[in-house]
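Down below is the structure, laid out as structure tokens.
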Amino acid sequence: MSPQASGVEDRAPGANADLPSRRSALGLFAGAAVAAPATALAAGPALASDRPPAMTPAALADADLDLPSPSLRELAERRGLRIGTAIHDPAVFASPRYAAILAREFSIVSPENVMKWDTVEPEHGLADFTAAEHIFLPTAARNRQLVRGHNLVWHGQLPSWLSRTWTSAQLASFVQAHVTDEVTAFRGRIFAWDVINEPLNEDGTLATNIWSTAVGPDYIATALQWAHAADPHARLYINDFNLEAIGPKSDAMYALVKGLQQRGIPIHGVGFQGHLDVRFPFPSGMAENLQRFAALGIDVAVTEADVRMPLPVTPAQLATQTSYYSQMLSAYLTVPDPVSFTVWGFADAYSWVDGFFTGEGAATLFDKNLHPKPAYFALRDILTA
Ligand code: XIL
């Protein structure tokens, strides 16, 4: 079994004044309180700018979209789960059709980049959480979409000032402040946080990175505790790629979560990114794998699904892509209590894949003209069945 090469490098109690409990949040759109409390930023750290919120972009009328009814989000709602996407902020304004599909088809959203550390603290000590307030959060609120926060502790997309010479103690204090300040800034508006992103190597060993070095190998537990202290009601996840198959990496994640639970560390979910490639076999045992994680009593979510292919697109590759999307969702729906199935962008015109994987692309559910591809219809069929 070859893994899908990525190439990138408690059930919390429901009483939450700001966010619905997990069940009611998933079951209902009405009352899904994603609207921004006006005072949230005032309580945060010093802001570098006071960017005004964006104006409402133009969106096409539903009738002009020529998409089948019910939508993905409606079909998912009937099954008690949410269908999500990462939002590519520039596209919300560039394309009224993008904005309309985003609103119509998806009920939970992730910020593609605007909550990452390089965006929220470009200069040391000048935390600025307003990028997310500009387009991403108002869009989610308008569309009655829950929000997954992405992400807090990762080796990627770090601000350049972190690469200056610092002691381990300084770096540890920076990451603690970063987690605490960011979770606090968005408290009450984030359904689930990817607290830890991509902590494992392919062989299941803990990746050595700036945080495992500065804080120590137990940085995962420590960061989860920081996040929990800052927002006790957010569901806290570890998120990684190439976790879909049963194998050394998912075995290690399973052991990691179990160990955290035994120590009483707040860990509520595992995110399976789901970045697949038609050139590799579909991850073997995905359904059983997801089920064993669910049996730990945590949430299991697909967080970044896409299925890339070498360009140009061929009918055979498109068929494989459709099959892989279908198999991913089908595997996910075998979990007793599915939460959310999120794609990492829904439009080939705006996908991260083309910029990251030389010669590959066409990884999403809608083509370059934002017309639905076979995979979109296949996901509808699975949700309808
Ligand atoms: C990607 C974004 O989509 C790109 O725009 C950005 O340039 C790099 O990061 N795994 C993750 C995501 O957890 O944060 C990554 O997002 C894709 C891989």
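Here, each number is a calculation from the coordinates, and none is a lab measurement. Not measured: the values here are computed from a predicted model. All Cβ positions, even for glycine, are placed from backbone atoms using ideal geometry, and neighbour counts span all protein chains on display.
Within the stretch 22-384, antiparallel bridges make up roughly 10 percent of the DSSP beta bridges whose residues both belong there.
Annotation for ARG79 and HIS134: the two label points, set 7 Å from Cα along the Cα-Cβ direction, are 3.6 nm apart.
Placing +1 on the Cβ of every Lys and Arg and -1 on the Cβ of every Asp and Glu, with nothing else charged, gives the stretch 262-385 a dipole about its Cα centre of roughly 100 debye.
The stretch 306-322 and the stretch 234-277 have Cα centres spaced 28 Å apart.
Computed 3J(HN,Hα) for the stretch 223-231, one whole-Hz value per residue from the Karplus formula 6.51 cos²θ - 1.76 cosθ + 1.60 where θ = phi - 60°, is 5, 4, 5, 4, 5, 5, 5, 7, 8, glycine and proline marked x. When each of the peptides 283-293, 340-350, 252-262, 228-238 is scored by the mean number of other C-beta atoms lying within 10 Å of its residues, the order from highest to lowest reads 340-350, 228-238, 283-293, 252-262. Residues in the stretch 248-263 carry Karplus couplings, in order, of x, 6, 6, 4, 5, 5, 4, 5, 4, 5, 4, x, 5, 4, 4, 8 Hz; the curve used is 6.51 cos²θ - 1.76 cosθ + 1.60 with θ = phi - 60°, and Gly or Pro positions show x. Of the residues ALA214, LEU102, HIS178, the one whose Cα sits farthest toward the positive end of the charge dipole of the stretch 101-253, with +1 on the Cβ of Lys and Arg and -1 on the Cβ of Asp and Glu, is LEU102. In this simple spin-label approximation, ASN201 and GLN261 carry label points 7 Å from Cα along the Cα→Cβ vector, and these lie 2.7 nm apart. Under the convention that each Lys and Arg Cβ holds +1 and each Asp and Glu Cβ holds -1, the size of the dipole of the stretch 22-384 around its Cα centre is about 780 debye.
A DSSP coil position with no more than 12 other Cβ atoms inside 10 Å describes the following trypsin sites (Lys or Arg not before Pro) in the stretch 158-210: ARG164.
Let me know the shape class of the stretch 236-276, please: from the alpha-carbon gyration tensor, a ≥ b ≥ c as square roots of the eigenvalues, rounded when a/c is under 1.5, otherwise prolate if a/b is greater than b/c, or oblate. Here the stretch 236-276 falls in the oblate category. Picking from VAL307, ASN289, ILE238, whose Cα lies most toward the positive end of the charge dipole for the stretch 231-385 (charges on Cβ: Lys, Arg +1; Asp, Glu -1)? The Cα lying farthest towards the positive end belongs to ASN289. How far is the Cα center of the stretch 62-118 from the Cα center of the stretch 141-155, in Å? Cα centroid of the stretch 62-118 versus Cα centroid of the stretch 141-155: 13 Å apart.
The gain in end-to-end length when the SER284 to PHE93 segment is fully stretched comes to 64.8 nm, 0.36 nm per residue minus the alpha carbon separation.
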